[in-house]
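Participant: For reference, the structure I am asking about is given below.
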C-alpha cells in the first residue's frame, strides 16, 4: 500500500499587520481598569504580528479599518462579510499556490479547507478555474470544523494516496478570521479576537518519497467540554466563543490520555519517544497546556510558539505553517506527532516521519 507524503508546503499572508493597531483600538474603548487588564493580557499573549486583508484604521477613529468596513456602531452583516470572503479568499489561496508552484497538469485531486466563509460556486471551483486544472480533477471541501480541520484535510489526502498511489493531491487551507471582527468591548470576546488572523497554505501530497511520510491518524473528544469552543453563524458574521477553561480541559485530558484503553493521542508511547512536535498554535495558554499535559521540555513547542508570535492563530492554516517551518529547516524527523484542537472540544492528531 502506498504511503502518503507531504512533499512541500507554501504559505501566504495578506500585507496588513494589524496586531498593534487592534490592541490600541480596543484599549482606547475600555475604561481605565479594563484597559490595564487588557493590555497586560495582550502583552502576555505571545503574539507580535497578525495579518489581515483589511488595512487598520486610526486607534481613536470611527472605523477599525481604513476603508470603513468595520465602522463603530454599524458593523457589516453576514451577507456583506461573505461577499468580501468571496472576493478575497481565492486571491489569498492563489498566492500560496503560486509560492508552491505545482504542475497543474498533474494534479488529480483538490482538497480545499476553509472555516471562515461560504460561497457557491465554491472556493474549490474558483481555484480549479484559476489554475486551469483538468475537468476530471476530484474536488473536496472541508469546512467549518475550526482549527483542527487541517488534520482532517491531510487525512483525506492520506487516504486518497493510499487508495490511488498515482494521485497527486493539492491541499489548500485559507482562512480570513479577521472578517468576523465584532463590535464589542466584552473582555473575553476581545481577548479571543486578539488571537486570530488571516493566512493560507498550499501543500502537495503524493506517494513520492520526499518530505514527511504520514503514518496514522487519531481523534479524541474531551468529555464535558462541548461548549468550551463554539463557532456559530450570527447576523453579524461568525461568532467565536473561546472559554478561558480550554487550556485546563486540554491539560487534564492529555495527562489522562496515556491511560486510555487505546493509548490516547500518543498511542500508548511516552512523550519523550517523540522527537518532533507540530502543535497547532492556538494561543500561548493552549501551547502551555500541551507542554504541561505531556510533560514536554521547554523547547519542544518552539516552532509553534514562533508561528504564533509571527502570524497569530490562522485557524486551520496554522498547523500547516508549523509543518512548513519543519520542512524548510530540513529537520530530520524520526518520530513526529502533529496535533490540533477545536470545537467539540476535540483533538485531531497524526504521526509522521521524514522520508
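Read-outs throughout are calculated quantities, based only on the coordinates presented, and are distinct from any laboratory measurement. Not measured: the values here are computed from a predicted model. Reconstructed Cβ throughout: ideal geometry from the backbone, glycine too, with neighbour counts over all protein chains shown.
Participant: Cut-off is 10 Å between beta-carbons; in what order do 241, 109 appear when sorted fewest neighbours first?
Facilitator: Placing the least packed residue first, the sequence is 241, 109.
Participant: Follow-up question, since we're still on this one. Name the residue, out of 122, 344, 283, whose mean-square fluctuation peaks in a Gaussian network model built on the chain with Cα pairs under 10 Å.
Facilitator: Among 122, 344, 283, the largest mean-square fluctuation in the Gaussian network model of the chain belongs to 122.
Participant: Over the chain, with a Gaussian network built from C-alpha contacts below 10 Å, which listed residue (292, 306, 328) shows the highest mean-square fluctuation?
Facilitator: Comparing 292, 306, 328 in a Gaussian network model of the chain, the most mobile one is 328.
Participant: Based only on the alpha carbon positions, what is the Kirkwood hydrodynamic radius of the chain, in angstrom?
Facilitator: Mean inverse Cα-Cα distance, inverted, gives 20.6 Å.
Participant: Can you give the FRET efficiency for residue 216 and residue 255, using 1/(1 + (r/R0)^6), R0 = 22 Å, r = Cβ-Cβ distance, to the nearest 0.05?
Facilitator: In this case the efficiency is close to 0.50.
Participant: Region 131-230: D in µm²/s via Stokes-Einstein (Kirkwood Rh, Cα pairs, 37 °C, 0.692 mPa s)?
Facilitator: Rounded, D is 198 µm²/s.
Participant: Taking only the alpha-carbon positions of region 217-300 and ignoring solvent, what does the Debye formula give for the base-10 log of I(q)/I(0) at q = 0.17, 0.21 Å⁻¹?
Facilitator: -0.76, -1.06
Participant: Largest first and to the nearest Å, give the Cα extent of region 195-241 along each principal axis.
Facilitator: Ordered largest first, region 195-241 gives principal extents of 46, 30, 18 Å.
Participant: In vacuum, with every alpha carbon of region 139-179 counted as one equal point scatterer, what does the Debye formula give for log10 I(q)/I(0) at q = 0.22, 0.27, 0.29, 0.35 Å⁻¹? Two decimals, please.
Facilitator: Results for region 139-179 at q = 0.22, 0.27, 0.29, 0.35 Å⁻¹ read -0.74, -0.98, -1.08, -1.32.
Participant: Tell me, 187, 154, 131, 123 in order of fewest to most beta-carbon neighbours within 10 Å?
Facilitator: 187, 131, 123, 154
Participant: With the radius of gyration and the Kirkwood radius both derived from the Cα set of region 212-354, what is their ratio Rg to Rh?
Facilitator: Here Rg/Rh amounts to 0.96.
Participant: Using DSSP, restrict attention to beta bridges with both residues in region 226-355 and report what percent are antiparallel, rounded to the nearest 5.
Facilitator: 75
Participant: Sorted from fewest to most neighbouring beta carbons within 10 Å, what does the list 319, 176 look like?
Facilitator: Final ranking by Cβ density, sparse to dense: 176, 319.
Participant: Using only C-alpha positions, report the orientation-averaged shadow area of the convex hull of region 90-166, nm², one decimal.
Facilitator: 5.2
Participant: Tell me, rounded to the nearest percent, the portion of alpha carbon pairs in region 5-206 spaced more than 32 Å apart.
Facilitator: Considering region 5-206, 25 percent of its Cα-Cα pairs are separated by more than 32 Å.
Participant: Give, as ranges by residue number, the residues of region 73-116 whose backbone N falls under 13 Å from the point 7 Å along Cα→Cβ of residue 185.
Facilitator: The answer is 73.
Participant: Can you give me the pair-distance distribution of region 270-322, C-alpha pairs, 5 Å bins, whole percents?
Facilitator: 4, 23, 34, 22, 13, 4, 0
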